[in-house]
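None of the figures in this text is laboratory data; all of them are computed from the coordinates on show. The model shown is predicted, which means the values in this text are computed figures rather than measured ones. FYI the Cβ positions are ideal-geometry reconstructions off the backbone, even for glycines, and counts take in every protein chain you see.
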Amino acid sequence: MAAVQETVEQVRSIDVDQYKYGFETQIESEKAPKGLSEEVIRFISAKKEEPEWMLEWRLDAYRRWLNMSEPTWARVDFPQIDFQDLYYYAAPKKFKAPKSLDEVDPEILKTYEKLGIPLREQEILAGVEVPEGERPKIAVDAVFDSVSVATTFKEELKAAGVIFMPISEALREHPDLVKKYLGSVVPTTDNFYATLNSAVFSDGSFVYIPPGVRCPMELSTYFRINEKNTGQFERTLIIADAGSYVSYLEGCTAPQRDENQLHAAVVELVVLDDAEIKYSTVQNWYPGDAEGKGGIYNFVTKRGDCRGKNSKISWTQVETGSAITWKYPSCVLRGEGSSGEFYSIAISNGRQQVDSGTKMIHLGKNTTSRIISKGISAGRSNNTYRGLVSAHKKALGARNFTNCDSLLIGDQCGAHTVPYIEAKNPKAQFEHEATTSKISEDMLFYCMQRGLSQEDAVALVVNGFVRDVLQQLPMEFAVEAQKLISISLEGSVG
Amino acid sequence: MTPLLEIRDLHAEIAGGRKIINGMNLTINPGEVHAIMGPNGAGKSTLSYVLSGKPGYEVTGGEVIFRGVNLLELSPDERAAQGLFLCFQYPLEIPGVSNMAFLHTAANSQRKQRGEPELTSPELVRKVRELGKKLGIDTDMLKRPVNVGFSGGEKKRNETLQMMLLEPYLSILDEADSGLDIDALKVVSNGVNLMRSPERSMLVITHYQRLLDYIVPDVVHVFAAGRIVHTGGKELALELEATGYAQYQNEAA
Ligand SMILES: Nc1ncnc2c1ncn2[C@@H]1O[C@H](COP(=O)(O)OP(=O)(O)OP(=O)(O)O)[C@@H](O)[C@H]1O
Ligand SMILES: [Mg+2]
């Protein structure tokens, strides 16, 4: 009940008008030479001490990428990217994978603290009694530019049999697992950006939950781009073995810069019989300034494969950042009775361009999916929901429910809904609802007449609009998301 | 006695459009209940919007003093915190925001602006439940999103609930009786009467004498063509019911 009140208070206490994660950490870094070539890929692979097959895998992707071209179907508009003018690898200098937090550069720890992710504290807390429900434990993997700098709670997870580590480390310690699943959901040649990622991916998280294990805490990765002119290409691979469960959270920020920066990640989820992955994202990359200068190009491929029967994947995303977002977390519903969910809040303000949505591919019998998308456009931004729901011939009894709502703030922004529906069998049941509304002056006045300031009134109305989705987020993340929503909409009215 | 509200020679128009309020004068003392009656389109609702600061209206002359301050300089939320409450003729719906959360946010926003201690959740819930009982508003309605799917009568009860919780010095009730059945009318009037006190005042806009049987006014005004053209005691309402506004409309022209 007090959630709205809390938001309103939190909004009040937050610095106005600033992207508060826009600082830069002064730290010496080691980079690969500028541009992309086989040498650079060999350099990255060598830095990570990867097995030979991994290098070959990357080189194969690179050669295929050379013959691919960028997709142009999304409703986004940006100047041609010069892929030779980027750095593909940057690591804090003298970087050697740390054994414990004490070995992590204090500057980096400070950075994460500024971001509100006190890694050290998280681990210290593990040793003390925390009252039930007061502060849930979250294991954190922190990725700084191209490398993972710290993973917490390693020991405790190990005891449960859970593997949670940087993917570069997993390649050395669990090569068979990685080899078995990497690229099995998003093939190397899936799309231009995914292929690029396959060639140059630097780091990211690897998670394996063994059969029957309910992961004892939420797992979380924070991504941070710090270096200038550096692309971030992380790769995340999560496998939930039969009957297991994991909730995974992902957060992202970047310094405020005038140049655009490229972020092209790939996330693959594999869910076996009766297992479940809940994947939540709060994406807050730097969106650029009000005139559209700077900001992250966020071109991300996220896909989950419900490989086992009665398996389940739930994507929840709160997208507030990035100059351009191109992102469609999807589910392949292969196992009989499997289900996929997509809950999304996508906010655009200023000159941001969002083209986001999901794909629910029903292959197995009695598969179900649910899509709830809330798009909020303000300023001079453009916000597109693009979604595909398809049922294969064999997907008898497939069912989907889609609800897509758009809220417009002001009259210079755009909201678009592009649903694609393909049913190859007559027994599939698809339902689609869509609404577009404008935040009305009358509604704001009503709230203000009861004592709310204009900003609080906007926050309240927007929070009401996105409530169905916010409820899907883990508690701590929901609070953070509410804050972000309010910050991203600051100055959007009046 | 210092008046609670003083309107002096007020002129207002729809931004970039027609002039609606036309040299209006009115003084309300603490504790008084004033009724305003007048023909459709005379500008009664407009007056309530101008007083509460709704965007889209422009004051072109005159002044309004409320509790010693220049009301026209304040933003709508500051006016609310000063103790001005508008009971809407058509209350707005706010999807996804529970009634209880809205009440909590509103009450504490006002308290904060006034530098008063905020209500804790249990305090608020207790208060709201008590008031709800008096107005026939059950817990289910408190959990539902603000006014969404409420019947006309339920919306008016909900407005009354907000008013009783926020304890304003001046309540402007714009056709609080429209859409109410007899029982609801009694319930709402009863709530309003509970609010009457030596320091609280009301401005009751209505078309029907019937409401004034329940909320008995000290003063009745006839409002036509953007200003008050005649003032009398509570018997004036009965008179108007018999004669209509024809004579006053001539007067206003
Ligand atoms: N936003 C607006 N744009 C144009 N005209 C308006 C607007 N708001 C009010 N008016 C006009 O101003 C006049 C006064 O309207 P108002 O609603 O204040 O009358 P009222 O006295 O409350 O009438 P009623 O008894 O029917 O409620 C009407 O002619 C109305 O059409
Ligand atoms: Mg009216």
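What the table below lists for this structure:
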item	result
Fewest-first sequence of B:TYR57, A:TYR222 by Cβ atoms within 10 Å of each Cβ	B:TYR57, A:TYR222
B:GLU118-A:PHE401 pseudo-label distance in nm [points 7 Å out on the Cα-to-Cβ vector]	3.4 nm
Highest average packing first - A:431-442, B:228-239, A:320-331, A:161-172, Cβ atoms within 10 Å	A:320-331, A:161-172, B:228-239, A:431-442
A:ILE81-A:MET475 FRET efficiency (beta carbon distance; Förster radius 51 Å; 0.05 resolution)	0.85
Proxy reagent accessibility, fewest Cβ within 10 Å first, across A:TRP315, A:TRP53	A:TRP53, A:TRP315
Shielding by partners, peptide B:89-102 (average Cβ within 10 angstrom, other chains)	6
Entries in A:LYS438/B:LYS44; A:LYS483/B:LYS156; A:LYS438/B:LYS54; A:LYS359/A:LYS438 that, when Cα-Cα distance is taken, lie over 24 Å	A:LYS438/B:LYS44; A:LYS483/B:LYS156; A:LYS359/A:LYS438
Within the stretch B:21-43: backbone nitrogen closer than 20 Å to the B:GLU241 label point (7 Å, Cα to C-beta)	B:33-40
Percent of Cα-Cα distances greater than 24 Å, calculated over the stretch A:381-494	42 percent
Ranked A:PHE206, A:PHE83, B:PHE85, criterion: other C-beta atoms within 10 Å, fewest first	A:PHE83, B:PHE85, A:PHE206
